[in-house]
Amino acid sequence: QSVSCFRGVLRDPNFGSLFVGNHRPESVDHLFMSIQTFNSQDFPSKTTPDFYDYIVVDEFHHAAADAYQKLLSYYNPKILLGLTATPERMDGKSILEYFDHRIAAEIRLPEAIERKLLCPFQYFGITDEIDLRSLRWTRGRYDTRELSNLYSVNSFAANKRASMTIESIKKYVTDLDKVKALGFCVSVDHAEYMSRFFNDHNLPSLCLSSTTPDKERGDAKAKLVNGDVNYIFVVDLYNEGVDIPEVNTVLFLRPTESLTVFLQQLGRGLRLADDKECLTVLDFIGQANKKYNFEDKFTALLSNTSHSLQKEIKEGFISVPKGCYIQLERLAKDYILENIRSSFNTSAGLVSRIATFEDDCGLPLTIENFTKYYHLNINSLYKYGSFSRLCVKAGVKNNFDEPLEDIMDKAFPRLCSINSRRWINFLLDVFTGKENMDFNHLTSEENRMLNMFSYTLWQKVWPELGFDLSTVFNSSPTLLAELVELLRYNYNQIDFVDKKVKLGFDCPLDLHCTYTRDQIMLAMDHMNPSSVREGVKWLSEKNADIFFITLNKSDKDYSPSTMYKDYSINESLFHWQSQSTTASDSPTGKRYINHRSLGSNILLFVREHKRNDFGTEPYTFLGPVSYLSHEGSKPMSIIWKLDNPIPGKYLKKTNQLAGG
């Protein structure tokens, strides 16, 4: 497939050679090969490190494995392109180190569906009566042998479950004769058992495993496509690299502990095909081990949402991609909600996972490793105090008694949103890099950044604290170490280009970075930030209008007179409504219209919601804008032109209301 694709794009039927199986190339200039062939042929002995200009590695999530190290460590191509549908590895190892810890371009499953690159799905969560809570759980998963025995050897339980599977298919699938299904099983015994059971009940089926010969696999694919069989039961065989677009039904017949595997298996049925309107997914959901992670699976199926999964479940999954549908049977829904309540949404759930983290995944316990392994929002760690205190409760860190604990417990959630490289580097200098920093001789920019930090912790600017900042933090070494770790974590997560904005003074606010309202006002030398409550603020001493914009306004937070229509029209234009009392011929209205000739700046700060699951939502700085046009008066509807285009990651949020 890869050879055909390249030849088609390049319009060169002679481009490239296969080097796999019985295929032997005449030249090694343009090769399509497996990693096994690369290693067996000892390519480093035949080529120089700069021989290849362009190297493409498909299924790059495997790149952390030993088999890929010779390829990735030896060559120095001008371009290394890694392709994967699932960049999150099951073992928690990162593949981004090969790309300077940055993803060049990505499209996640919901967006791919909405762009009609994949077909929509209808997902049914079916109540499974088998209780898995007592099964052995080790290294982040159920014991495979115990699961297999339960699903295939224990005849009463296995027969009952297989019968329930057939009844569910009859209930949720409209035309049994047109079913082309893949059923994912826990073991070869389980797959063989399901195939026998279905055949005994006149549902044409077969099973495949990694030991099945290639010809038999090819024949099985043809039989499924032609309708000679309706079901193929497999064991992790069709997770990746196999394309059967005609598959219209996927059966999850085992709990899938890995998000990577879940998405790979689901993806087998999401290929577009003629006469295929959507994919039907039947997922059998029983009472699970408390460490089983339902949240990742369902979150991966949802379009951009700020709602908690509990809210999505209770409201019927309002954030599914267009054309998709998720329905949970009553007990299946109860099982999931109970699992979530005992998961990361409680202190006990976090503590239990911290206690066994290193045994479960083999990685050192750090903030970055923990959040990446469990795909957690960093704010989730700070709902119940510091990460250090959670580690003490889990028995993996010595107890500590430090004076800053109460202050930092409240401050850490606010510090999680810091994503300005300039501000982070300054704070790291304060706490690690400059042992004898003279706080009496800071630059004006550094003073503002220190005020922003100080106010975040104590609601006071730093000259009003009455104590030495370094001395106070040195008295709390555990929490100081966590602060430094969190700042470095935040720095490593930055995936956009921030830059200084020229405002006529040394302003520490950087383009497209995130700040609280208090931090913004202190950066603008407004020393009483808590006094600012309205959505606009004119700072005459800075010759600047500050706009605080909440895109998604709820009735309970805003009065009818403040439900302004604010949204981006495209990456460079933004529609904004003034306060309802602002007339176009008023001094304020004239200042908006003539701000360029008056030499004043209009600065946009935008957030999606007033609150999210973790508290008050901070603002993203979209930078200065210029007046373009307006309509009406009281309020004025103004079109602003942004000096800097809105990045794609923010554009999806800022233009969400434009259609309304």
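At a glance:
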read-out: Distance histogram for the chain (every C-alpha pair counted, 10 angstrom bins, percent rounded to whole numbers); value: 3, 13, 20, 22, 20, 14, 7, 2, 0
read-out: Sequence-distant residues sharing a close amide H with N612 (under 5 Å, placed H); value: E617
read-out: Computed over segment 2-109, Kirkwood Rh from alpha-carbon pairs, angstrom; value: 15.2
read-out: Two-site label geometry, S470 and L96: point separation in nm, points 7 Å out along Cα→Cβ; value: 3.3
read-out: Highest-first arrangement of 524-533, 264-273, where packing means the average Cβ count within 10 Å; value: 264-273, 524-533
read-out: Projected label distance in nm at K590 and Q41, using a 7 Å step from Cα toward the beta-carbon; value: 7.7
read-out: Within the chain, helix-based [θ] at 222 nm, where runs of 4 or more DSSP H residues each add -39,500 (n - 2.57), nearest 500; value: -9500 deg cm²/dmol
read-out: Computed E for A583/N543 - FRET, C-beta separation, R0 30 angstrom, nearest 0.05; value: 0.85
read-out: Peptides 331-340, 162-171 ordered by average Cβ neighbours within 10 Å, highest first; value: 331-340, 162-171
read-out: Backbone HN-Hα couplings from phi across segment 124-131 [Karplus 6.51/-1.76/1.60, Hz, Gly and Pro as x]; value: 10, x, 9, 5, 9, 6, 6, 8
read-out: Inter-label distance, nm, simple model (7 Å from Cα along the C-beta direction), D243/N159; value: 4.4
read-out: Per-residue HN-Hα couplings for segment 599-610 [Karplus 6.51, -1.76, 1.60; θ = phi - 60°; Hz; x = Gly/Pro]; value: x, 9, 9, 10, 10, 9, 10, 10, 9, 7, 10, 5
read-out: Sequence-distant residues sharing a close amide H with H30 (under 5 Å, placed H); value: S17
read-out: Segment N14-R341, length gained on full extension (0.36 nm per residue, minus Cα span); value: 111.9 nm
read-out: Amide H partners (placed H, <5 Å) of G286, local residues excluded; value: D128
read-out: Solvent-free Debye scattering, log10 I(q)/I(0), computed from the Cα coordinates of segment 118-341 at q = 0.16 Å⁻¹; value: -1.15
read-out: 3J(HN,Hα) from dihedral phi, segment 132-140, Karplus parametrisation 6.51/-1.76/1.60, rounded to Hz, x for glycine, proline; value: 9, 5, 8, 5, 5, 10, 8, 6, x
read-out: R0 of 22 Å, Cβ-Cβ distance K383-Q493: FRET efficiency to nearest 0.05; value: 0.75
read-out: Unit charges on C-beta of K, R, D, E only; dipole of the chain, Debye; value: 1240
read-out: Dimensionless Rg over Rh [segment 125-255; C-alpha; Kirkwood]; value: 0.96
read-out: Highest-first arrangement of 577-583, 423-429, 35-41, where packing means the average Cβ count within 10 Å; value: 423-429, 577-583, 35-41
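Bear in mind these aren't lab numbers, they're just calculated from the coordinates by the rules spelled out. Since this is a predicted model, take the numbers as computed values, not measurements. Backbone-built Cβ (ideal geometry, glycine too); neighbour counts: all protein chains shown.
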